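This report refers to the structure that appears directly beneath it.
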Amino acid sequence: MTALVALLVVAQVGLAIRLNIWSADLFDALERRSTDRAMTQIGIFALIVLGTMMANTAHLVLKRRLQLDWRRWLTVRVIGDWMEDARHYQAAMIPGDHGNPDGRIAEDIRIATEAAIDLASTLFYCMLLLVTFVGILWSLSGVISLFGFSMPGHLVALAFLYAGVGAVVAFILGLPLVRATDTRQTREADFRYRLVRAGEMGEPIALARGEASERTRLGAAFEAIAPAWRLQSAGLARLLAFSSGYITLAAVFPILVGTPRFLVGGLSLGGLMQSAQAFQQVTAALSWPVDNLPRIAEWRASVERVLSLEEAVRVVALEAARTGDTALNLNRAADVKLGVQDLSVAAPDGTTMLSGLTLELSQGERVLVDGDLDAAAALFRVLAGLWPWGRGQVNLPPDAEMIAVGRSPFLPAGSLRTVLAFPAEATPDADGAMAEALRQVGLDWLVVRLDEVADWGSALSGGELQRLSFARLVLRRPHWILMGDATDALDPDSADAMLHLVADTLPEAGLIVIGRHPGSPDIFTRRLALERSAGGEVLLLEVFARRRAAEQPRQRPLRVVDWLRQGYGR
């Protein structure tokens, strides 16, 4: 497709050359007052116009298709790198200029690909124009005598001088545009992000009566665009003022230069008009950097923003891939017990958050880890496979055997059936199981709404969303369950009921609850507490440990005589 676009550019240049020759033939015919030649040239002009229309239309269609294909490819690649193995989450944790990934993927990739093809196409067109019209202009220049020296091709020298001076001046005037454009795009993206966040935080803002404060913040975010806008406007104004005079003079300058030769009979009217047109084509080709400086500035800024996001993703991917004594070593195997050995967790800047932890969970165990909330959150992220910063051994079962449940579940767009079946495909055959799971978690009223498409994350309350998470657990029946604050929106009785449901439905599953649990700890076989010492070190202390029912010693049935002996024998 790129080759076809290039061939069409060649066709466009060929038509421009033919139009230049036609211009000379027409004015020569007019100078000789030849009606036949003039009518012939009118017919030729009609064919040139038809060919130009066809070439330009085909070029536009193919170019736009190529732009869409490249944008699709790059979007899929960037989203694929970003939305994989929690890199989107990890990249947001590290410092750097890579915020607002939505704007970088949706807008900057569009500009980076569309502008690149536009600029490459026009640059190739101008290069071909330069190569072809320099020869035409050289042949039309003739030889002039200046201070006793013969100068062939003087119009070519003038064209290069004219375009060179224009390029230097335009470059100096437009130099601040790249920085101003980059700053403006960054602040525009920040303003969009704040608007999206305000929409997502609608209920908390309304409850806190924070509309006035949010209006102030949104207004300040918009006002931050104004200085960058003014800088960009000043740069564009300088360029426009110069380019307007530059373009206007380029149309007249070659005629003024060639007029003396025309007046003495050294150049025909057709030759004068052809040389003027060729001069314009050469200067237009040489002026490509001047004409496209704002577009280049916009393209470069967008490319840098996309590359910044890719660099952040690359950094966290390299961190996650590290192994050895100074790295978090993930061991994913079907026969391992969920846990950590000599775990130290660090912040992205290297600050230690948690150190020296060892924990192991067997199938069928139910473990509660509470205490220090920050340490609990760090441990949850590590066991969920989200956090790559730290060192130690982390044993995790395969993803297909474990489900990690946070405070709020991820609900894909679609019907309630799709939400319950995620990540599997929803099928009507599972409707009976889904209805039973909804009844078990106390969401009976949703049974009749399996086909309904809604924004379920907004339609359900926090407690209902957490109940929905337990319904998905019952349906998927994982071997290992990791929970982080997954019951904190429920009342104590409801939280206990949900955990009892998991214990009864999935008795062989290993369950670890990390963080706050509003209910009773009696359902757990072990309870551990993360306590921070006076020196700031986090210790993992065992609060209690009781054997599972299957591990309790088998007792002899109590006979009536034993009962009598115990009750009354004394």
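Couple of notes before you dig in:
- Of the peptides 250-258, 53-61, the ranking by mean beta-carbon count within 10 Å, highest at the top, reads 250-258, 53-61.
- Solvent-accessible area per residue in the range 278-374 equals 45 Å², computed with a 1.4 angstrom probe and all protein chains kept.
- The gain in end-to-end length when the residue 508 to residue 447 segment is fully stretched comes to 19.2 nm, 0.36 nm per residue minus the alpha carbon separation.
- Sites matching trypsin sites (Lys or Arg not before Pro) across the range 149-249 that sit in DSSP coil, with at most 14 neighbouring C-beta atoms within 10 Å: 209
- Net charge of Cβ neighbours under 14 Å - reference residue 59; Lys, Arg +1; Asp, Glu -1: +2
- Loop sites in the range 248-355: chymotrypsin sites (Phe, Trp or Tyr not before Pro), DSSP, at most 10 other Cβ within 10 Å: none
- Calculated mean residue ellipticity at 222 nm for the chain: -20000 deg cm²/dmol, from DSSP H runs with n ≥ 4 weighted as -39500 (n - 2.57), summed, divided by the residue count and rounded to 500.
- Normalised by the number of residues in the chain, the mean separation of alpha-carbon contacts (under 8 Å, six or more apart) gives a relative contact order of 14 percent.
- Rg/Rh for the chain stands at 1.21; both radii use Cα atoms, and Rh follows the Kirkwood definition.
- Euclidean distance of C-alpha centroids, the range 224-259 and the range 329-406, integer Å: 62 Å
- For the pair residue 77 and residue 42 in one chain, pulling the backbone fully straight at 0.36 nm per residue adds 7.4 nm over the alpha carbon distance.
- Excluding exposed DSSP-loop GluC sites (Glu not before Pro) (at most 13 other C-beta within 10 Å), longest clean stretch of the chain: 85-424
- Here the calculated FRET efficiency for residue 7 and residue 311, from their Cβ-Cβ distance with R0 = 30 Å, stands at 0.25, rounded to the nearest 0.05.
- DSSP-loop trypsin sites (Lys or Arg not before Pro) across the range 30-70, with at most 11 other Cβ within 10 angstrom: 33
- Fraction of accessible area attributable to carbon and sulfur, the chain (%, probe 1.4 Å): 61 percent
- Taking a Cβ cut-off of under 14 Å around residue 216, the surrounding Lys, Arg, Asp and Glu residues balance to a net charge of +1, with basic ones at +1 and acidic ones at -1.
- When Rg and the Kirkwood radius Rh are both evaluated on Cα atoms of the range 305-448, their ratio Rg/Rh stands at 1.05.
- Cβ-based net charge around residue 336, under 15 Å, with every Lys or Arg adding one and every Asp or Glu removing one: -3
- Axial C-alpha extent at least 27 Å, average Kyte-Doolittle at least -0.5 - helices from the chain (DSSP): 2-31, 35-82, 109-141, 154-174, 225-263, 293-321
- The residues of the range 34-148 present an accessible area of 57 Å² per residue when probed at 1.4 Å with all protein chains retained.
- Solvent-accessible heavy-atom area per residue, rounded to whole Å², over the range 159-222 at 1.4 Å: 63 Å²
The values are calculated or read from the model by the stated rules, or taken from the named source; none is laboratory data. Just so you know, these numbers come straight off a predicted model, no measurement behind them. FYI the Cβ positions are ideal-geometry reconstructions off the backbone, even for glycines, and counts take in every protein chain you see. We work out accessible area using only protein heavy atoms, side chains counted, and drop any ligands, DNA or RNA first. Shrake-Rupley method; radii C 1.70, N 1.55, O 1.52, S 1.80 Å.
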